[in-house]
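Taking it in order: structure first as structure tokens, then the write-up.
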Amino acid sequence: MSSDATAGAGADDALSETARQAAKRRTFAIISHPDAGKTTLTEKFLLYGGALSGGAGSVKAKGDRRGTASDWTELERQRGISVTSAVLQFGYRGCVLNLLDTPGHGDFSEDTYRVLSAVDAAVMVLDGAKGIEAQTRKLFEVCRNREIPIVTFINKWDRPARDPLELLDEIEDQLVLDPVPVTWPVGDGDRFSGVIDRRSNDFVRFERTAGGATAAAFEVVSAEQAAAVAGGDWHEAREAVELLDGAGAELDGKRFEAGELSPVFFGSALTNFGVQQLLEAIIAMAPSPSARADAHGDQRAVDSGFSAVVFKVQSNTDPAHRDSIAFLRVCSGRFERGMTVTCERTRKTLATKYAHTVLGRDRSTAEDAWPGDVIGLVNASALRVGDALHAAGEPVRWPAVPAFAPSSFRLARCRDTSKAKQFRSGVRQLDSEGVVQVLRRPEGGESSPILAAVGPLQFEVAEHRLRHEFGAPVELAPAPWTAARRTDEASADALRAMSGVTVTARDDGDLLALFESPYWLARLESDHPDLTLDRLIGEG
């Protein structure tokens, strides 16, 4: 065989290996309204994946009990809610799962949006007693806009719940999504004993475990035996399943991947009921990484040269070393630790010696990674959210990650002038991470920036981190603005001459006009259509 033929065969082998590795990956997020059980479900996935050796944790840890792997920051432990997204990688049944746990609270929608730019599917968690809630709708719309297929998990079925058919109707009516149950509950509350698997018509009967700290044992009971085991609950569940069968509620993989249909599972993350069935369904149903559209709309195949997108930057994941970590999703090709990659925005190269796989705050060295994998680059301080990384000779630019429309504003000032340097450094870091948007006026500069956020909880996070991580006690004073619009330099000159309007700049060069009155803004938009006043994402 000639040397050219040998080289060609080697290239073919490399391409097939990339495609083979990509097919083993599932990269997905978990989304929900606060308190629907999202973080508990995340913890139980890790339990079933063997990533937790000491048993599942508790969001609100008590005494000596450990906290959850995904809610690991001090503020999250204090509040018992997710305030930042967490990256968790683990294996299950020969597949590599990259799970991204997202904040459920609406004030952190921007962080969730960025995370959803890095996944191929999502699990939507609903509370069986509450159904669709406000934040559920918002997160679902983000998934729809990004064409992300959704698997639905109706949680907390070990507690009193609404009629399951009523919940399905609500999903269909409010989300315009066709819900197709794959499992159906037998009983609810204390009588919840298992589910009917509609694919086999078997009864999957669960056994409770102490505190849900270990995997729930289950047995598969035939339909003939189920009546004796579950009695009236079984007959009621069978009648409902027969209604679904008669209505033609069948799973269609193409409609699922198109975002028109959602497979539905019932269970209880707290008791582990139905968790294993859901996890196996993610492997069977969620799409593996595929070609990704670049900023020009061209599809970049998974077996192209290495490329990745930075979707999150987080500092002080290791407080002892005050480090920073940039999280990137591999989009194509093979990543090898130590390889030199280029940041398309800056056109500068960076080494990747300190690359890690991540499980919340815990991390280990990543020797390689494949399409769909999420890895962290430690102390890659020059990287920002949305940056495209690629191997030499394989340039790529991804669509921009847009900022959300801020509706809350604060004037920031360092309480201790001797800590001014730490204050400026901390504000710049929070801006690069997207914790808050940092806006500056010529008269305010670095010493008195404006912090802008989707919701006020973001300011609590910013204040906490500036004080505890950067040693900069900060005063956040109320500000008069209520709305923001993106503008340009030509319009900015006219806006600066108007009362009730303040023109500010972001580090990326964008100009934002801030308005004290929504009525004045509406009047300007009506009377001066020539002015550039563009809406931002997330404005409702």
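Laid out as a table, the results:
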| item | result |
| --- | --- |
| Carbon + sulfur, % of accessible area of the chain - ligands and nucleic acids excluded, 1.4 Å | 48 |
| Around residue 293: net Lys/Arg minus Asp/Glu count, Cβ-Cβ under 15 Å | +1 |
| Dipole magnitude of the chain, debye to nearest 20 (Cβ charges: Lys/Arg +1, Asp/Glu -1, about Cα centre) | 2000 |
| Charge tally in the Cβ shell below 10 Å around residue 179, where Lys, Arg are +1 and Asp, Glu are -1, residue 179 excluded | -4 |
| Solvent-accessible area per residue for segment 459-517 (1.4 angstrom probe, square angstrom) | 40 |
| Interchain or long-range residues, amide H under 5 Å from residue 186's placed H | 193, 194, 195, 196 |
| Sequence-separation-based contact order of the chain, relative, with Cα cut under 8 Å and 6+ spacing, percent | 12 |
| Linear extension gain, residue 348 paired with residue 208, 0.36 nm per residue minus alpha-carbon span | 44.9 nm |
| Rh (Kirkwood; distinct C-alpha pairs) - the chain, Å | 25.0 |
| Distance violations [Cα-Cα > 21 Å] among 24/156; 24/254; 312/353; 44/312; 130/254; 38/130 | 24/156; 44/312; 130/254 |
| Positive-pole candidate from 497, 136, 235, dipole of the chain, charges at beta carbon | 497 |
| Expected-Rg normalisation [2.2 N^0.38 Å, Cα atoms] applied to segment 211-365 | 1.55 |
| Computed lengthening from residue 362 to residue 467, 0.36 nm per intervening residue step minus Cα-Cα distance | 35.4 nm |
| Sorted peptide list for 228-237, 110-119, 384-393, criterion being average Cβ within 10 angstrom, highest first | 110-119, 384-393, 228-237 |
| Segment 197-320 - accessible surface per residue (Å², probe 1.4 Å) | 44 |
| Extension gain, residue 525 back to residue 258 (0.36 nm per residue minus Cα-Cα distance, nm) | 92.4 nm |
| Antiparallel bridges, percent of DSSP beta bridges restricted to segment 92-222 (to nearest 5) | 70 |
| Between segment 275-353 and segment 490-540, the Cα center-to-center distance that results, in Å | 35 |
| Interchain or long-range residues, amide H under 5 Å from residue 332's placed H | 307 |
| Most to least packed among 407-420, 38-51 [average Cβ atoms within 10 Å] | 38-51, 407-420 |
| Summed residue charge, Cβ within 9 Å of residue 196's Cβ, Lys/Arg positive, Asp/Glu negative | 0 |
| Mean Cα-pair separation over length for segment 410-540, i.e. relative contact order, pairs under 8 Å, 6 or more apart, % | 25 |
| Using alpha carbons only: equivalent-ellipsoid semi-axes of segment 166-292, gyration tensor based, whole Å | 25, 19, 13 |
| Label point distance in nm, residue 93-residue 534, each placed 7 Å from Cα along Cα→Cβ | 4.5 |
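The values are calculated or read from the model by the stated rules, or taken from the named source; none is laboratory data. Owing to the predicted nature of the structure, the values given are computational and were not obtained by experimental measurement. In this analysis, Cβ positions are derived from the backbone assuming ideal geometry, glycine residues included, and neighbour counts consider all displayed protein chains. Ligands, DNA and RNA are stripped out before the accessible areas are found, and what is left, the full protein with its side chains, is counted by its heavy atoms. Shrake-Rupley method; radii C 1.70, N 1.55, O 1.52, S 1.80 Å.
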